[in-house]
Structure formats: C-alpha cells, structure tokens
Amino acid sequence: MAHRLRVLFLTTVVAAQTGAPAGARSELAVSDGPTPEACAALGFQVQPTADSYAAPRHFGGVAASQVYPAPLAPPPPAAPIARSKAEVQELVVTGGRIGGKARAEPRRVVAPVYQAYPSQPMDTERYPNAQANPIKRVADDPVSTFSVDVDTAAYSNVRRFLQDGQRPPSDAVRVEELVNYFDYGYARPEDRATPFSSYVALAPSPWSGERQILHVGIQGFDVPRAEAPPLNLVFLIDTSGSMMGPDRLPLAQKSLSLLIEQLRPQDRVAMVAYAGSAGAVLAPTDGRQKLKMRCALGVLQAGGSTAGGQGLALAYALARQNYDPKAVNRVILVTDGDFNVGIADPSKLKDFVSDQRKSGVYLSVYGYGRGNYNDTMMQALAQNGNGTAAYVDSLQEARKLFRTDFTKSLFPIADDVKIQIEFNPAQVSEYRMIGYETRLLNREDFNNDQVDAGEVGAGASVTALYEITPAGAKGSSDPLRYGRAAPATGGGGELAFLKIRYKLPGQAKSQLIQRPITQAQLSPTLRAAPEPTQWAVAVAGFGQKLKRDPRVSDAFGWNDILSLAQSGRGADPYGERAEFVQLVRLAGGAWAAGEN
C-alpha cells in the first residue's frame, strides 16, 4: 500500500508542478552538464555519464528501484600536492582552532578512483537526543528564551522516511523544523534598518480541551537581489566512499549546479574536496565562469575514508585567505556527516567551528544520503558555526533550497537572533514550548551579546508555538499548599510580552524589538483563527504525533490533522502544502492500527 501511495504521490506532484501528465518521467532535469571536450580545454578531465539519478526507495527496509551510475574509467592520476613537514603541521586541527598559519593553495585535481565503499547498514543513522520541553508553571518560571531556528533538515528527512514506508525515529522529528519549512505569508517589514515584523495569534488547542495555542512569528526583510552584497563562497564537498550512490554525490553535484546558475559576475566560488585527505579543486572564480565551476564539479568521484575535519580546516583557511568584508563569506558543506578520519567527535568539531565563526565566515550544511546519515554531526556544525542546516532528499528539494529560497539560504539580514517571552501570571498559569529543545537559552543569555544564536536570511521567517493554560483553568499539577500566594491581577489584558533581539550583520551590539501579547489576539475557535495559525498548528500536531508525544491527546488523530490542514491550507504556489497533506495521509494510513 505504501508503495502504491508513494508512486501516485510522486507522479501527481511532478505533473502539477511541471505540467507533465501523471506517469511521465519524474526527474526534474537540471540543465545539461558541460561536455568533456569543453572541460578538457579548461584543464579538467570529466568523464561522460548518463543521467542516472533516481532516489532510492525503501519499503519496510528493502531497497527498490535503485539506479547507480555506470563505473567510470579511471582518469590519469593528478600530480601530488607536495608539502613540507612544517606545512602539513600548519593544517592540523587541534581542538577548536587551526594551529599555526593555515594555508590554502588551490590546485586543479582529479579525484582518485577508489574501490567501492561498503554499503551501510540501515541502523547507523545518528540523531541528537533531546528531551521534550516540560510544562512550566508561570509562577515559578515566567520567562522563556530561545535562539531562532530557520533550519529545515528535519522536514525533508521525515518526508524521506514516510515516502519510503518507514516511521521516522523520534529524535529525527524536530517539530520546529517541520513548522519552519513553510512560508506563512507574514507581513514584511518595510525598513531594512528594522529587519523584522512580528505576528501573534491565539486559539484553542485542538488536542487539549482547556488549553490554548500561542502562535508567534517573525518575518525578515527581503533584500532585493540587485542590492544583495557579493558572495564569497567555498564549496566543501565530501567525496568519500560513503557518498557513493545517486542520492549522495551525484545529487550534491546537481544541487551545487543549481546554485551556480544563480551567481552574478561579482560573486566568487572556490572548491575543496575531501576523502582520505583534503585538496583544493578550484581557486576563487568569479560568477562569469560558470562552465569552469561545473567542470570542477564534474571531476569529482566518491571513494575512500572521510577526513571531514581536515576538509573544514582547509575550507575555512581558503575563505579567510580570500575574505571580503563587503561580501557574504560562507563555507557550503555537502556531506552525509559520516566523518571517520581525523576529527570525528562532534564535540571537538563544535569547538572548531565555534572558533571559526569569530572570523566572520558563515557555514551552511547540506545533508545527503540515507542509512549512515549523521544528523548529530550536522546539527553540531550548523548550530555552532553561525550556520544553517538542510537535508536534500531529492532534486526537487535542491531546487527549493538553491533556486526558490536562494536569498533566504545565502544572504543573512541578522545574526544572533533571540526571542524572549514573559508570561503574565495573572492571565497564564502554565506554558509548554513546542519544539526548539536544542535551541533553548538561559534567561540572562538574552541580553548577553556574547552568546551565539541563529542567523536569519533575507525574506526568511521564524515561527514558534506555545501551549498555554489560562489562569483559572485546570493545570497539569495541583497548586502548592504552602506555595506562593495567587498572583495579583496586573498587566491589564496582557497575556505576555514579546522581545526580539538581533544584530545587523557585522555589528557587535544587538538591537531590540518588543510588543505586548493581549487577549485581542484570541480567536473563539481554531477554525476561526487566521489561516497561518491553523496551518502551523496542523504541522505541529503532525510532528508531535510522529514523536508519540503523550501531551497530545489520543482523541486528536491523523484525520483531525488532515482536516485542520485542509482548512488552513491557503495559497500554495509551489505545491508544498499539497505534499504535506499527502504525508499526513501516508502516516495515517501506515499507522492507523492502534492510533487515530
């Protein structure tokens, strides 16, 4: 049944977005790659290959319809990159920094051909283990503080599991990343100097009778492309053996080709590849030389172990060597996160990228593959490297990230963005934040400009949901016999107070936006709430059901999520909401037994 639903879903979505009839070839073609002859004229030896990308599908753990590229004849070996002992020591990463004077000497190299990497078992994927947020009493802890999260990796990864007929591991479901996958149409700010507008709504909870859902959103200023600063990018490409397979290196190459299409003459790209060791593949090249960039991508082949730490060191060194204070300086890492040579400990890599973010170089992490995907590593890098994380499960997702959301992904409008909400104990007795378990901050961190937080790109939005218990309603625990006296009435009709703190790019001092949250934002029923709120609550309910969160009543079932999503679906120019509805149907159909 899952197989039939998946095939119907894929052909329907592709037909809707491309105008092709259902059943037509589902591959969304990227422009044809460069010819071997054209690349040879530029010094790159690219082997011709057929377009053989087809995402592997797993139904009940059994792979089906996997198509892998035909083996390539090995190209002539590249000249070795000679370095003295001292130079090698200069590129050794120790703990959280590069020792000595790190150098990056860009050279054209042809990646060596290795023997096939052993296939990975299906149970080696790794995810951060984060405990669900507890219900908090406002009388004891009235303030909630967190770093924003614009990552979307969890949504596309969850989609991959569901479309493969599998239930995702609970730790793979980060509810805030599911919610933030979607655009909610918040009103956009008009002033670049104040780069955020805010949205607030309140409605009854659909899974807990006496509680309410507080919906908070912020919308970032959308920088016109003509006014966006230049890009100084370093592609850091994992070419280890674990990147074999059509949903790994070949898909990563097509993804980066989509990004290359968007470059302007003033933008620059350098490339570093790493397997058992790291080497520069392309010196900084301006956006007019797209053929040269594609040829550099075309020489890459997968094989060997994974010296990810060494690759990161070289990529950052290259970014600093060509640093432009007027540009967006960013390392773009494409990998499955399976680091197994050199620095492979997420905590040590966390120290390293934390140190590197002080140089003003951003980090974007794009995950690929399945079976050995290391989400723990990806999150450690993105959250500590002034960066973002996404998971690319298909060429369609690559188009969203590198074409539709290009400016959101690459052009930051604010750094260290934090949100703090103070609840009024006269109006609210309890609250529970839905998601953001790995993004929580201490109350005092909000005003501390030394504490790192998330970046927000041009035109991006951030959404957060709280489940709150109004004062006087039955709470999750009995009141204390000898506790504090009931809070005095105060704050007028204010339920809470919202604060947003951020830094403009390149600035060290933060700025503040604030506003009250009042009863005026309350809708009498969830169906009477604005469409963005209905949709956000549907997605949050979906995520919590996948996680089997006990705070979500069993009476709130998959059909309720489906009905709520249909009611709040609204505009859907890219078919993303239609896709979500199909995912709800897949989940409800697969696990209907024993669940609603």
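None of the figures in this text is laboratory data; all of them are computed from the coordinates on show. Fair warning: this is a prediction, and the values are worked out from it, not measured in the lab. Neighbour counts are summed over all protein chains in view; Cβ atoms, including those assigned to glycine, are modelled from backbone coordinates with ideal geometry.
Laid out as a table, the results:
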{"quantity": "Leading residue at positive end of dipole, region 281-334 (Cβ point charges), from 327, 316, 281", "calculated": "327"}
{"quantity": "Fully extended contour minus Cα-Cα distance, from residue 514 to residue 576, at 0.36 nm per residue", "calculated": "19.1 nm"}
{"quantity": "Calculated from backbone phi, Karplus (6.51, -1.76, 1.60) coupling profile of region 463-473 in Hz, x at Gly/Pro", "calculated": "10, 9, 10, 10, 9, 10, 10, x, 4, x, 7"}
{"quantity": "Contact order normalised by residue count of region 385-518, Cα under 8 Å, 6+ apart, percent", "calculated": "35 percent"}
{"quantity": "Estimated FRET transfer efficiency when R0 is 30 angstrom, pair residue 449-residue 135 (beta carbons, to 0.05)", "calculated": "0.45"}
{"quantity": "Estimated inter-spin distance, residue 288 and residue 42, nm [label 7 Å along Cα→Cβ]", "calculated": "1.4 nm"}
{"quantity": "Global geometry of region 244-358, whether rounded, prolate or oblate, following the gyration tensor of its Cα atoms and the 1.5 cut on a/c", "calculated": "oblate"}
{"quantity": "Lysine-lysine proximity count for region 304-448, Cα under 21 Å, sequence distance 8 or more or distinct chains", "calculated": "8"}
{"quantity": "DSSP beta bridges in region 177-323 [antiparallel fraction, %, rounded to 5]", "calculated": "70 percent"}
{"quantity": "FRET efficiency estimate (nearest 0.05) - Cβ-Cβ, residue 553 to residue 482, R0 35 angstrom", "calculated": "0.65"}
{"quantity": "Orientation-averaged projected area, Cα convex hull of region 311-431 (nm²)", "calculated": "10.8 nm²"}
{"quantity": "Region 141-220: C-alpha gyration tensor shape, a/c 1.5 cut-off, then a/b vs b/c", "calculated": "oblate"}
{"quantity": "Normalised convex hull volume, region 423-544, alpha-carbon set, Å³ per residue", "calculated": "166 Å³"}
